[in-house]
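Throughout, read-outs are computed from the coordinates displayed, never taken from laboratory work. Fair warning: this is a prediction, and the values are worked out from it, not measured in the lab. Heads up, the Cβs are rebuilt from the backbone with ideal geometry, glycines too, and the neighbour counts pull from every protein chain shown.
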Amino acid sequence: MGDAGAAAILGRSSDERGIYYRRFITVSKHWPLATIPAGGSMHPRGEEHTYLSADGAALKQTFVDLAPSVVCLLRRESGMSFDAFDRILIHQATLPYLEEMLEVAGIPSDRVEVTVPTLGNMAAASLPVAFARAIERGAISRGDNVLWLGLASGISVGAMMMHV
């Protein structure tokens, strides 16, 4: 796993383009599944606490278990179905994990911007990098609806819907 870098500049739109839905969900009881315990008063120093400690299999299973209910909540709150989106951007740790997530959550794979086979797990930068690559290829253009789904250990899920 490695991090890439990405940034976006947001500004007020003078037309219908922009972010029209956002939701952030945290299920913090799962934070021990992937954490770096260093820092703070518990472990202020010490190499043994400065590296990622994770249970990848349990983390994956937790996301797979939570995905259907989270996606159901997002669709209910926003009133949007997957048919409304031209592209779907989702954090991708591995290809088998992505395929299982799409299946259990009912996300149509033909609309997902897949990056993990060529770029690997880019952690927090996976979504903006996927967005930029899709724009470069012409897979996202002005007028499209895009769904962003960010997943993070902790467990955290971020969703954003935008009209490009």
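One table, with the values for the structure above:
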| quantity | calculated |
| --- | --- |
| Net charge of Cβ neighbours under 12 Å - reference S141; Lys, Arg +1; Asp, Glu -1 | +1 |
| Gain in span if fully extended, S78 to Y51, counting 0.36 nm per residue against the direct Cα distance | 5.9 nm |
| Lys, Arg +1 and Asp, Glu -1 on Cβ, resulting dipole of the range 65-164 about Cα centre, debye, nearest 20 | 280 |
| Prolate/oblate/rounded call for the chain, Cα gyration tensor, a/c under 1.5 rounded | prolate |
| GNM flexibility winner over the chain from D15, D86, D65 (Cα, springs under 10 Å) | D15 |
